[in-house]
Ligand SMILES: C[S@@+](CC[C@H](N)C(=O)[O-])C[C@H]1O[C@@H](n2cnc3c(N)ncnc32)[C@H](O)[C@@H]1O
């Protein structure tokens, strides 16, 4: 019954330039019907109210409002986070940072992990979910994203800290004790023309000065302060920074085993390094 509805919706989203029109149409219909996406083709005929709600959701998406803002949630590894205006929507490529630090956390007796520039808290929440013994601290600057982090962290083991990674006093009590730091900071050069969906993210979450490197050196310096010797940093960066970020780590002088990694599309995406 929903087949023709989905086909028309897919066509509408494709015409609007949406990158994954069929998946988005299915997720929006599943959201409206309160049904799992896998059951869409076998559910009964939608009511007139549902059809109208689906049409409204579809128009929002055709206007290039992020899918996750319409759904109110984003999925990240095995966790679901609340998102909307004022907070960065977590992206699939960032999921790889968790894999990079899991071994260090699993090997520690009482692991401590820190997520710098935490946004919704997706990375921190995923680590807390996957390493039940870990203490997990998430740092996000004061501003509209802070309440999203606090809301997502509420009732979990993630400790939300409102602070600036540029501030040398942030997390002062954790210096030298942390086993893993993950960070997906803002890193897009300011002149880059981004898609409408990225424009819906807060500018401060996306852009970092003319070269995109305004925040990353502060993350590297703070991570070096926080990590114990042998602790691991996984740091996401722009695909144009495959040389610049490893060079910044090398220049900092406190890192061994600096390695560059690609995301699932093969683009250079994150650096991993071990605290000397
Ligand atoms: C690209 S978003 C990533 C959010 C989250 N880590 C994720 O992957 O979904 C970068 C985040 O860094 C925050 N941020 C930017 N500058 C910061 C600073 N100086 N101190 C702390 N957080 C900062 C932004 O507000 C934003 O939430």
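The values are calculated or read from the model by the stated rules, or taken from the named source; none is laboratory data. Every value quoted in this text rests on a predicted model; they were computed, and no experiment measured them. Here Cβ is always computed from backbone atoms with ideal geometry, including for glycine, and neighbour counts include all displayed protein chains.
What residue, of 250, 224, is over 25 Å from residue 107 (Cβ atoms) and either within 13 Å of the ligand (Cβ to nearest atom) or without any contact (Cβ under 8 Å) to a residue 60 or more places away in the chain (or both)?
Of the residues listed, the single one that is over 25 Å from residue 107 (Cβ atoms) and either within 13 Å of the ligand (Cβ to nearest atom) or without any contact (Cβ under 8 Å) to a residue 60 or more places away in the chain (or both) is 250.
From the residues in segment 84-96 that are assigned to a helix (DSSP H, G or I) and more than 8 Å from the ligand (Cβ to nearest atom), which one is surrounded by the fewest Cβ atoms within 10 Å (Cβ to Cβ)? Even if it seems obvious, please write down each step before you answer.
Taking segment 84-96 and keeping what is assigned to a helix (DSSP H, G or I), we get 92-96.
Checking the rest, the ones that are also more than 8 Å from the ligand (Cβ to nearest atom) come to 92-93, 95-96.
Numbers: 92: 13, 93: 17, 95: 18, 96: 18.
Here the residue is 92.
Scan 232, 210, 192 and give me the residue that is exposed (fewer than 13 other Cβ atoms within 10 Å of the Cβ), more than 11 Å from the ligand (Cβ to nearest atom) and more than 20 Å from residue 90 (Cα to Cα).
Exactly one residue qualifies, and that residue is 210.
Does residue 142 satisfy the criteria of being within 19 Å of residue 204 (Cβ to Cβ), buried (at least 24 other Cβ atoms within 10 Å of the Cβ) and either in contact (Cβ under 8 Å) with a residue 60 or more places away in the chain or touching a strand residue (DSSP E or B) at 6+ places or on another chain (Cβ under 6 Å) (or both)?
no
Name the one entry in 65, 59 that is away from the ligand (no atom under 16 Å from the Cβ), at pLDDT 95 or above, in a loop (DSSP other than H, G, I, E, B) and surrounded by fewer than 17 Cβ atoms within 10 Å (Cβ to Cβ).
Exactly one of 65, 59 is away from the ligand (no atom under 16 Å from the Cβ), at pLDDT 95 or above, in a loop (DSSP other than H, G, I, E, B) and surrounded by fewer than 17 Cβ atoms within 10 Å (Cβ to Cβ), namely 65.
Please state which of the following conditions residue 154 fails to meet, knowing it meets all the rest: (1) farther than 21 Å from residue 100 by Cα; (2) within 10 Å of the ligand (Cβ to nearest atom); (3) without any contact (Cβ under 8 Å) to a residue 60 or more places away in the chain.
(2)
Are any of the residues in segment 129-139 within 11 Å of the ligand (Cβ to nearest atom) and crowded, with 19+ Cβ neighbours inside 10 Å?
yes
Which of the residues spanning segment 219-236 are on the phi < 0 side of the Ramachandran plot and either modelled with pLDDT under 95 or over 21 Å from the mean Cα position of the chain (by Cα) (or both)?
Scanning segment 219-236 gives 221, 224, 225, 226, 227, 228, 229, 231.
Of all residues being surrounded by fewer than 24 Cβ atoms within 10 Å (Cβ to Cβ) and part of a helix (DSSP H, G or I) in segment 105-127, which is nearest to the ligand (Cβ to nearest atom)? Just the residue, please.
Across segment 105-127, the extreme among qualifying residues is 105.
Looking only at residues that are over 21 Å from residue 105 (Cβ atoms) and in a loop (DSSP other than H, G, I, E, B) in segment 128-160, which one is farthest from the chain's Cα centre (by Cα)?
Once the filter is applied, the top-ranked residue is 155.
Consider residue 100 carefully, then state whether it is surrounded by 17 or more Cβ atoms within 10 Å (Cβ to Cβ), under 25 Å from residue 202 (Cβ atoms) and away from the ligand (no atom under 13 Å from the Cβ). Explain how you work it out, then say what you get.
Details: surrounded by 17 or more Cβ atoms within 10 Å (Cβ to Cβ): yes; under 25 Å from residue 202 (Cβ atoms): no; away from the ligand (no atom under 13 Å from the Cβ): yes.
In short, no.
Condition first: within 8 Å of the ligand (Cβ to nearest atom) and either assigned to a strand (DSSP E or B) or buried (at least 21 other Cβ atoms within 10 Å of the Cβ) (or both). Now tell me which residues in segment 161-181 satisfy that.
Residue satisfying the conditions is 165 alone.
Which is out of contact with any helix residue (DSSP H, G or I) (no Cβ under 7 Å at 6 or more places or on another chain) and part of a helix (DSSP H, G or I), of 1, 51?
Only one candidate qualifies: 51.
Would you confirm, using the coordinates I've provided, whether residue 185 is in a loop (DSSP other than H, G, I, E, B) and modelled with pLDDT under 95?
Spelling it out, it is not the case that residue 185 is in a loop (DSSP other than H, G, I, E, B) and modelled with pLDDT under 95.
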